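One structure is given here, and the rest of the page talks about it.
The values are calculated or read from the model by the stated rules, or taken from the named source; none is laboratory data. Computed from a predicted structure; not experimentally measured. When we count neighbours, we look across all protein chains shown, and the Cβ atoms used for this are built from the backbone with ideal geometry, even at glycine.
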Amino acid sequence: MTIVDDLSGKVAVVTGGAAGIGRGIVEALLEEGVTVVIADVEATVLDQAIKELSPQGKVRGVVTDVSSPESVEALADDVFSTEGCCHLLFCNAGVTSGGGGRPWEQEANDWTWCFKVNVFGVANGMLSFVPRMIEAGEPGVIVNTSSMDGGIAPVPYASVYASSKAAISCLTEALAHQLIAADTQLRAAVFYPSGGLLDTGLWTAQRNRPPELARLKPRPPAPGTTFEEFKAQLESMGRSVEIVNLLELGRFVVAGVKAGDFIIGHGLAEAGAKLHARADAIAEGRLPPAALS
């Protein structure tokens, strides 16, 4: 069901929108005539993004830590007092846990930091924005960024990150059903970044890790934990190393929103095949096959 096929004049909030995938979404929204509020935890990066994007349309920034309910609530207060409404909420901010490895080698702080940003960050956005958006009575869409690593199938070497993204997929399905059941003018969608290799700030997310949530036991980085290492691994296996154009990915997301898609992602047929294999294994009581990427 299409809710907002014409985005011109609408107001959008994009968390983690100062760089990477989020910035691609912001630029695509500006092309559609949307007023955009970028929420990002990195003030210097946010300021630079606003400076560069302002010639393209109405955009401003609010420094926001999505892991903090108070920070997200302040963001919602700011948006609704300044713009008066929010039609599109992109809960996009995300981090990794700090490398792969065996699940039992992860630490409590790895789980806490990753889930505070990836899961609680989305929950905080939902709690602060959705009630106000419902009360406004205007059509709108909440888009939550998940990952096929976890959202479609668990990834053994990235247990913390993949688990957090599986939670986002589950949460978004629940949100979508309940928005319809409550007869609201809102819909929800889950976005699976896809289409090739993604060169984003996720690879260096440790730069924003709070000191109080640092790892307690030093651990050498796992192979493939940087973008260049992962790219080299793919090349050594003869796999595709096509790097995604993030603006084009942003346009793809926006097109999915306008079309009323619940799942927004490339390669959904392949994802469906993985899910079928998983379902078959579950039906037979077997361990589902591991997702390798």
Give me the pairs: first residue in the range 84-99 and on the phi > 0 side of the Ramachandran plot and surrounded by fewer than 24 Cβ atoms within 10 Å (Cβ to Cβ), second residue among the β-branched types (Val, Ile, Thr) and at pLDDT below 90, beta-carbon distance under 6 Å, and six or more apart or on different chains, which are they? Gly99/Thr225
Can you report the number of residues in the range 242-257 which are assigned to a helix (DSSP H, G or I) and over 16 Å from Tyr192 (Cβ atoms)? 1
Checking the conditions here, which among Val257, Val244, Val253 is surrounded by 13 or more Cβ atoms within 10 Å (Cβ to Cβ), β-branched (Val, Ile, Thr) and modelled with pLDDT under 95? Val244
Somewhere in the range 56-64, is a residue surrounded by fewer than 16 Cβ atoms within 10 Å (Cβ to Cβ) and among the β-branched types (Val, Ile, Thr)? no
Note on the range 34-63: residues hydroxyl-bearing (Ser, Thr, Tyr) and either in contact (Cβ under 8 Å) with a residue 40 or more places away in the chain or in a strand (DSSP E or B) (or both) are Thr35
Checked the range 134-158 for anything within 15 Å of Val11 (Cβ to Cβ) and within 20 Å of the chain's Cα centre (by Cα); matches are Gly140, Val141, Ile142, Val143
